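Colleague: Mind looking over this structure? Questions follow.
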């Protein structure tokens, strides 16, 4: 009798017919409709998929209905969207983004204001408020498959490392006289006079941008060029896709476009000459001061906070005067502008394949793939009211803000200081804020996927090392490495 | 009743349904008569047709009863029976007459005048004499028939054979009146059946209008009345219905038996009667006394009175008195939507932490990138606005009461009030851009002095080190040291003398104050000398040689220090100890005043600096000119305890706020132009609208007053929104915003728009209360001490007793 009752109860529970689909070939299951109780949440659904796949280790999945993440139970979701539970529901599932974990931290002497790194070279640079640029090549953890493998330090003494139990920078570049605001790797393993050098740009409040030449074994460095033109501190620099030009934006509400190559050639010539003269003094005499930007973008009325150079011809800049402007580089003219209601502190563009595609041989295939990918052109801006706004720039409009803003992401409680799309992802991005938290978002849901909050110190900059490594620079004088790792 | 009606209704129909025998007989007779009549008519009709055919076979036009004009354009006029056209010329012979023919006919034809045209046939017709006579009679309004006699004696159409006794017809009364009707019986049966079945609806019964109360709402009244009443009420509520003027109600005198005091005496009666015109009489009747109602005579003027009343009703102008329905909400002016007033600060975004005691004063650099703060922890800090990073710190031995960044972006220097000293500080290369530093060098030669000074400082330090080394040596060198000290002191005295002379020289007018400008070099030397003395004393407590000197100096020092022991870098104990701790780097000039300086204000052009020391008496307000190292005392005598001062942003006006009043001085004429009376107990701070015509005053008794200077010396608006004393008020330079910060831990932001139109009053709307600061401990109820707006953005900085500065945006 009891058994019968139970079965009856089971019959009474609502079910819905679902079809599971996925774009991941390794996780595909049979495309037959399943009857599934409506009360299931994503955890239950994930169990179902894992059962179907017959995996030993269960993999967490996220589920999408109509391009929207399932965050509640199926029933609630269907009720909210006024969908009938009698119709067939197509559930797309993707492996869930793994829980991020902090792995290592790199201590500095002062607030760290900028970070830029590349994992394939296992290297990153930081700009600090003590006017120094640091290059780090040790202590980064690296993922190999699902295992975390520690990269042994290369140039740092092991004993020292053990004693101090903290990472040391491989190289410290000092020339700036005021805090560094932005660092950007320009090129890796560039051949200059038969030696391999890394090239790094750093911008500072001392109105200078310096192009550093760093030997590839991180033994020595020298200054290639100084770019001087701004009359106030520089906030951000943006490199063009070809990496021969860059744009700098300053507190003096101007943006300058600088050419790297011309001066470099001159420098090479000079160097050759000097080599001929056999003057091996690598002193400051060699430093070239570039005082003439090839173009200037005038239009902002207040300090320009950030810039991005996604395609060869267009630059996006944001400013404290509440506007986003798109510039045509060749014409040096304004293409369109959009107005916000708050000051804008940072922006990022998801078409912008951020690091180093042009000169990495092993990623050339990816590069081609990425170039063909032009599904979305979405712009993210971080504002002083703690809201991230997603703009769709395919609808340029000067008239109303609302027709361009696609989504608002509200969760931070203070200024957004940095935004970065996850490399090779159409949907995922990370944001850092002055409230001390780093959040990872998916544009298909308005709730952040993960929130990382270690302390209340401000996050000043973040950067994706690769698609699974995130570096955060914060006011607690550290850079932290966060790994999105599949938990075992 | 019902029965009768039904009977009446049925009488006629009865005969149709139930013909009696006699009726059958009658109807047969009628039928015969009708047949005869029909036969007669048929005969008559056939006759007339045949006659007409015979007579007008050819001439007849077949167009029917229409005017011939309609056929003007055609040659034919209708068709004959065979379908051929009847031509006009056949029918009308003289049809084609033109005007000439007509004219000729007029003379030739003697009958022309009596010829008319038949419009139907188009033929000419000559009127006969008879016809003419008829026409004339009609024209003269007579009967057309000449024979007709309208006054002929009346003859009835029937005769009364027996006079007038008998009825018209002699028909015997019908029998059916006496026989009960069969149809009726049927109908009754039907009704009875329905009644038995209780189906007989009340609808059939005639509705009886019952009595009802016309003016009550609850009483059920017929629909018709209810609707009328509703309509009337509706009109009344709309104000369309104007009530008629009410007639005068009768009083005692109009009674038939009025009390004797109402009865007129003889004289009054005569006076009343002497007035002829009724309208002019004081009243239109004489009160009279009757014993019984029945004795009252008819009122002779009744009709007149009714007539007057009617006149009143329609001639009297009736004005609509509209009663305004006022509710509290309606009286309160409608506030604009908050969304329209944006932007204004709403949320706390950045906290600047670093001070270890309450932050007294803050100020923002004109570019908006830097923030300077002065605190009770005896330090000044410079912060980066956008990140909250502390860039620089100066430490002193005195509380920093006020800091002020020069509002001129070309001369970015800071003035700070530290104890009795006013310091002019160069924020330094690490904060200023290259351009700003260059500008500063040009504007203020002081800075250059400061540049030179750095080297001197080094020399001094060397000297000091030497001295320290000497200390380590034997006592043999003490004499040398004394000599050195003597030399140094003499140098210092010279310097001091020079110093005191210099301002005298530079200012030609007589000196009215005791403020002394010192370069940091001089100042530092002073400090060192004092320090040396104390060190000397400590090292050689028993050395008689030095004792005298030391005593002398100590007396001097004490004299100069007078009553209060305010020193910039060291307390007395510090002098005695060995520690050196001073950060003079960046300090350009030091102005020593006689009293503690509590407030500083820059002029907009950035050259003049006003300092306020409330207890300074006649030296309470001093105006310093930075470019010329000069100090002026604008006021000869004190007008009270000065709280704060402000420069007018455009005109040469100077605002001085004492405890109760705000005085406005014209700096060019040196006269007071206006005295504002806010009516508060103790003013805490004032600020001037960037337009210059409006002023806000805050007081320790929780009031915030807005003045329109052109309008009145009394406040335009007083706002009491804080629960504790207001410490500071501030206007925004660009946005129409102002704020007040208070001890109740809150800062309130107001939207205050001043219109260019002089007629329009400023619009003041409270928009936001900002919370965030806390009390440092439970006993100390000190909340927000200072508030400053960002010069460009709609952001607000507040500093509090909880050691923090907060940015709201």
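The values are calculated or read from the model by the stated rules, or taken from the named source; none is laboratory data. Quick caveat, the model's predicted, so the values are computed rather than measured. Positions of Cβ are generated from backbone atoms using ideal geometry, with glycine treated the same way; all protein chains shown enter the neighbour counts.
Colleague: May I ask you to list the residues in region A:184-215 that are away from chain B (no Cβ under 14 Å) and in a loop (DSSP other than H, G, I, E, B)?
Modeller: Selection gives A:193, A:194.
Colleague: I've got another one for you. Based on this model, can you work out whether residue B:176 counts as at negative phi, modelled with pLDDT under 75 and part of a helix (DSSP H, G or I)?
Modeller: On the way: at negative phi: yes; modelled with pLDDT under 75: no; part of a helix (DSSP H, G or I): yes.
No, not satisfied.
Colleague: I'd like to check which strands (runs of 3 or more DSSP E) are fully inside region A:28-146 and have at least 2 residues that are within 14 Å of chain B (Cβ to nearest Cβ) and under 17 Å from residue A:463 (Cα atoms). Break it down stepwise before answering.
Modeller: Numbers: elements: A:34-37, A:61-65, A:89-95, A:100-107, A:112-118, A:123-128, A:132-136, A:141-144.
Strands (runs of 3 or more DSSP E) meeting the threshold: A:112-118, A:123-128.
Colleague: Kindly establish whether residue A:60 is more than 27 Å from the chain's Cα centre (by Cα) and either surrounded by fewer than 19 Cβ atoms within 10 Å (Cβ to Cβ) or over 23 Å from residue A:443 (Cβ atoms) (or both).
Modeller: Details: more than 27 Å from the chain's Cα centre (by Cα): no; either surrounded by fewer than 19 Cβ atoms within 10 Å (Cβ to Cβ) or over 23 Å from residue A:443 (Cβ atoms) (or both): yes.
Here the answer is no, as residue A:60 does not meet what is asked.
Colleague: Among the residues in region A:168-183, are any more than 14 Å from chain B (Cβ to nearest Cβ), assigned to a strand (DSSP E or B) and touching a residue at least 60 places away in the same chain (Cβ under 8 Å)? Step through it out loud before you land on a result.
Modeller: Of region A:168-183, the ones more than 14 Å from chain B (Cβ to nearest Cβ) are A:168-175, A:183.
The next check asks that each one be assigned to a strand (DSSP E or B); those that pass are A:171-174, A:183.
Remaining after also requiring touching a residue at least 60 places away in the same chain (Cβ under 8 Å): A:183.
Checking region A:168-183: at least one residue is more than 14 Å from chain B (Cβ to nearest Cβ), assigned to a strand (DSSP E or B) and touching a residue at least 60 places away in the same chain (Cβ under 8 Å).
Colleague: Still on this structure, please answer the following. Scan region B:364-385 and give yes if some residue there is over 40 Å from the mean Cα position of the chain (by Cα), within 14 Å of chain A (Cβ to nearest Cβ), assigned to a loop (DSSP other than H, G, I, E, B) and buried (at least 17 other Cβ atoms within 10 Å of the Cβ), otherwise no.
Modeller: Within region B:364-385, none of the residues are over 40 Å from the mean Cα position of the chain (by Cα), within 14 Å of chain A (Cβ to nearest Cβ), assigned to a loop (DSSP other than H, G, I, E, B) and buried (at least 17 other Cβ atoms within 10 Å of the Cβ).
Colleague: For the list (1) more than 28 Å from residue B:619 (Cα to Cα); (2) buried (at least 21 other Cβ atoms within 10 Å of the Cβ), I need the number of the one condition that residue B:390 fails.
Modeller: It is condition (2) that residue B:390 fails.
Colleague: Restricting to region B:331-354, and then to whatever is part of a loop (DSSP other than H, G, I, E, B) and within 11 Å of chain A (Cβ to nearest Cβ), can you tell me which residue is farthest from residue B:385 (Cα to Cα)?
Modeller: We begin by selecting, within region B:331-354, every residue part of a loop (DSSP other than H, G, I, E, B); these are B:332-337, B:342-347, B:354.
With the extra rule that they be within 11 Å of chain A (Cβ to nearest Cβ), the set shrinks to B:342-343, B:345-347.
Numbers: B:342: 22, B:343: 19, B:345: 15, B:346: 17, B:347: 16 Å.
Looking at the filtered set, the residue picked out is B:342.
Colleague: On to the next question. Would you confirm whether any residue within region B:632-654 is part of a strand (DSSP E or B), touching a residue at least 60 places away in the same chain (Cβ under 8 Å), surrounded by fewer than 22 Cβ atoms within 10 Å (Cβ to Cβ) and touching a strand residue (DSSP E or B) at 6+ places or on another chain (Cβ under 6 Å)? I'd like the intermediate steps shown before the answer.
Modeller: Filtering region B:632-654 for residues part of a strand (DSSP E or B) gives B:632, B:642-647, B:653-654.
Restricting the remaining residues to those that are touching a residue at least 60 places away in the same chain (Cβ under 8 Å) gives B:632.
Applying the additional criterion that residues be surrounded by fewer than 22 Cβ atoms within 10 Å (Cβ to Cβ) yields B:632.
Restricting the remaining residues to those that are touching a strand residue (DSSP E or B) at 6+ places or on another chain (Cβ under 6 Å) gives B:632.
Yes, there is a match, as at least one residue in region B:632-654 is part of a strand (DSSP E or B), touching a residue at least 60 places away in the same chain (Cβ under 8 Å), surrounded by fewer than 22 Cβ atoms within 10 Å (Cβ to Cβ) and touching a strand residue (DSSP E or B) at 6+ places or on another chain (Cβ under 6 Å).
Colleague: Which one is nearest to residue A:473 (Cα to Cα) among residues in region A:439-462 that are free of Cβ contacts under 8 Å to residues at least 60 places away in the same chain and under 15 Å from the mean Cα position of the chain (by Cα)?
Modeller: Step by step, filter region A:439-462, then rank; the result is A:459.
Colleague: To continue, here is another question. In region B:748-763, which residues are surrounded by fewer than 18 Cβ atoms within 10 Å (Cβ to Cβ) and in contact (Cβ under 8 Å) with a residue 24 or more places away in the chain?
Modeller: Taking region B:748-763 as the starting set, the residues that turn out to be surrounded by fewer than 18 Cβ atoms within 10 Å (Cβ to Cβ) are B:753, B:755-761, B:763.
Result: B:758, B:761, B:763.
Colleague: Considering (1) modelled with pLDDT of 85 or more; (2) away from chain B (no Cβ under 14 Å); (3) over 19 Å from the mean Cα position of the chain (by Cα), say which one residue A:413 fails and leave the rest.
Modeller: (2)
Colleague: Across region A:286-310, what is the number of residues that are closer than 24 Å to residue A:224 by Cα, more than 14 Å from chain B (Cβ to nearest Cβ) and in contact (Cβ under 8 Å) with a residue 40 or more places away in the chain? Working first, answer last.
Modeller: Of all residues in region A:286-310, those closer than 24 Å to residue A:224 by Cα come to A:286-296, A:307-309.
Add one more test, that the residue is more than 14 Å from chain B (Cβ to nearest Cβ), and what stays is A:286-288, A:290, A:292-296, A:307-309.
Keeping just the survivors that are in contact (Cβ under 8 Å) with a residue 40 or more places away in the chain gives A:286-288, A:290, A:292-294, A:296, A:307-309.
Within region A:286-310, residues that are closer than 24 Å to residue A:224 by Cα, more than 14 Å from chain B (Cβ to nearest Cβ) and in contact (Cβ under 8 Å) with a residue 40 or more places away in the chain number 11.
Colleague: Of all residues in region A:311-329, which are modelled with pLDDT of 85 or more and away from every other protein chain (no Cβ under 12 Å)?
Modeller: So in region A:311-329, the residues modelled with pLDDT of 85 or more come out as A:315-329.
Scanning region A:311-329 gives A:315, A:316, A:317, A:318, A:323, A:324, A:325, A:326, A:327, A:328, A:329.
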